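Notes for the one structure printed next.
The values are calculated or read from the model by the stated rules, or taken from the named source; none is laboratory data. Bear in mind that the values here come from a model prediction, so they are computed numbers and not experimental data. No Cβ is skipped: glycine too gets one built from the backbone with ideal geometry, and neighbour counts run over all protein chains shown. When the accessible area is computed, the model is the full protein with side chains, heavy atoms only, and any ligands, DNA or RNA have been set aside. Shrake-Rupley method; radii C 1.70, N 1.55, O 1.52, S 1.80 Å.
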Amino acid sequence: MAYVTHLKPDGTYQPLKAHEENVAALAGKFAEAFGAKAHGERTGLLHDIGKYSDNGQKRQRDPEHTAKVDHATAGTQMAWKLKDCVAAFAVAGHHGGLPDMGSGSDDGGGTLWARLNKRLTGGNDPSAWKTEIEIPAKVRFPAWLAAEKDARRLAMYTRMLFSCLVDADYLDTETAIQGGQTRGEGETPERLLEKLNAHVAPWLEAPANELCAKRSEILARCLHGGEEEKGLFTLTVPTGGGKTFSSLAFALEQAAAQKLDRVIYVIPYTSIIEQTADVFREILGADQVLEHHSGVLYETGDHATAESISMAQATENWDIPVVVTTAVQFFESLYSNRPAACRKLHHLAKSVIVMDEAQMLPVDHLRPCVHALSELSAHYGASVVLCTATQPALTPIFREFQPELSPRELCPEELAVSQVFRRTTITCAGK
């Protein structure tokens, strides 16, 4: 028989083998950003082998067949046989969310062990996948993951591989159901940098006054600093020093010079986000900047514009050159187990992440926040910039997680303490 999955607009079905191979290719492409291409490909091949069962095919072919069919357990069990616990978690959760581990005695329920203990017989036997799919017995994991047994590092890697799988699955399903590719590509960091340079050129050439001259000097230093090797940076600029433009200048120069894919601008307050996003859209183009937080809703109904639909799609996986978002959205996604929240995570790899007002990182959750940033910088090819007028003392925590990380300051001290930025006069009022 022909094994199929999604019903296409022309009334035919997408071959299940094609879906498996498409998802594998996409997941591998996404995971290549952090050295896990082969692992992503194998996870993609594993994810839907449960649809090869008789019940799985009935579910795919019969619109009236409303009974739920568990198609994730087969791939989960196969991954476990391959001694690949990361892929097992990712496949188990690619629809319902990453499960808890549970215990070996679990019989039923949503834990990983419950899936591993489940018997797939009769109509749920998925063994027909072997007639169409060849799953590699061995894949090479990233060397940095295998070098140390670090539970936090493994958890982060699991979410990142999960993100690659979920986004690849959604994208290929969307393409099949809608009859073709519906998403456009954004402009390159090089092109966006050209736009920014054109915008700020008059400031650099002829500053209006002493204050503007100092701002321009900081801006020029950040443009030059973007050529440095990617890693962890601080940008300590006094209030009024133009850190919004300077940080964007560094981020785009860094992305262009280091072949990174996008800029993620993380801000604690929605009021600041709206102002910052407006500035970025004015310079770079409205279709190149996504403003993503709880206060923005993009129309997708019958009266929606093409731009609104494009932005709504970009909220799903952050596949856009510049994202302006909240710290809540950023960190809750990093520690979520839900497919919709985790789908965007792989696009944090090979990006420039600017943490604006870095002193506002939540103290109650400071260690997990710093750990996530340190992992992104050390192992996922990202550059992280802590941007503020009052730099928090985070270096000891970064070095606890990644001893080799040493933040580099982008604003020279002589500029940061310039009297031209002072807005107050401090006097002794007595005892």
Between V279, V384, V296, where does the largest GNM mean-square fluctuation fall for the chain, given springs only between Cα atoms within less than 10 Å?
V296
By the gyration tensor of its Cα atoms, with a ≥ b ≥ c the square roots of the eigenvalues, what is the shape of segment 334-431: rounded for a/c under 1.5, prolate for a/b over b/c, or oblate?
prolate
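Return the FRET efficiency for the residue pair E409, I309: r is the Cβ-Cβ distance, R0 is 45 Å, and the value is rounded to the nearest 0.05.
Working: r = 42 Å, r/R0 = 0.93.
Computed FRET efficiency for E409 and I309 comes out at 0.60.
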Taking the radius of gyration and the Kirkwood hydrodynamic radius from Cα positions alone, what is the Rg/Rh ratio for segment 249-315, to two decimal places?
1.00
In Å, what Rg and Dmax follow from the Cα atoms of segment 199-260?
11.8, 36
Rg and Dmax in Å for the chain, alpha carbons only: what are they?
24.3, 91
Could you work out how far the C-alpha centroid of segment 324-390 sits from that of segment 187-243, in angstrom?
23 Å
By its C-alpha gyration tensor, with a ≥ b ≥ c as the square roots of the eigenvalues, how is segment 87-182 shaped: rounded for a/c under 1.5, else prolate for a/b larger than b/c, else oblate?
oblate
I'd like the accessible area for D172: 1.4 Å probe, protein heavy atoms, all chains in place, Å² to the nearest 10.
20 Å²
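Sum up the charges of everything whose Cβ sits under 11 Å from the Cβ of H292, counting Lys and Arg as +1 and Asp and Glu as -1, but leave H292 out. It would help to have the intermediate numbers written out before the result.
Numbers: positive: K344; negative: E291, E316.
Neighbourhood net charge equals -1.
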Rounded to the nearest 10 Å², the accessible area of C85 at probe 1.4 Å:
50 Å²
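Specify whether the C-alpha gyration tensor of segment 380-428 places it in the rounded, prolate or oblate class, a ≥ b ≥ c being the square roots of the eigenvalues: rounded for a/c under 1.5, otherwise prolate if a/b is larger than b/c and oblate if not.
Values: a/c = 3.34, a/b = 2.22, b/c = 1.51.
Taking the square roots of the gyration eigenvalues as a ≥ b ≥ c, segment 380-428 is prolate.
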Inter-probe distance in nm under a simple model that places probes 7 Å from Cα toward Cβ, at D100 and V420
5.9 nm
At a probe radius of 1.4 Å, what is the per-residue accessible area of E210, in Å² to the nearest 10?
120 Å²
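Using a 1.4 angstrom probe on the protein heavy atoms only, could you order M311, M1, M78 from most to least accessible area? Spell out each step's value before the answer.
Working: M311 10, M1 140, M78 45 Å².
Largest to smallest exposure gives the sequence M1, M78, M311.
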Determine the distance separating the Cα centre of segment 118-157 from the Cα centre of segment 1-78; give it in Å without decimals.
15 Å
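Based on alpha-carbon atoms only, what is the radius of gyration of segment 1-118 relative to the globular estimate 2.2 N^0.38 Å? Can you show the working numbers first?
Numbers: Rg = 14.9 Å, N = 118, 2.2 N^0.38 = 13.5 Å.
Normalised by 2.2 N^0.38 Å, the Cα Rg of segment 1-118 equals 1.11.
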Percent relative contact order of the chain, based on C-alpha pairs within less than 8 angstrom and at least six residues apart?
17 percent
If R0 is 45 Å, what FRET efficiency do you get for H199 and V328 from their C-beta distance, rounded to 0.05?
0.90
So for R0 = 25 Å, FRET eff. of E229-E190 from the Cβ-Cβ r, to 0.05, ends up at 0.85
Count the net charge of all other residues whose Cβ sits under 11 Å from the Cβ of Y269, scoring Lys and Arg as +1 and Asp and Glu as -1.
-3
Restricting to the chain, what percent of DSSP beta bridges are antiparallel, rounded to 5?
5 percent
List the lysines whose Cα lies under 20 Å from the Cα of K230, skipping any in the same chain that are fewer than 8 positions away.
K243, K259, K350
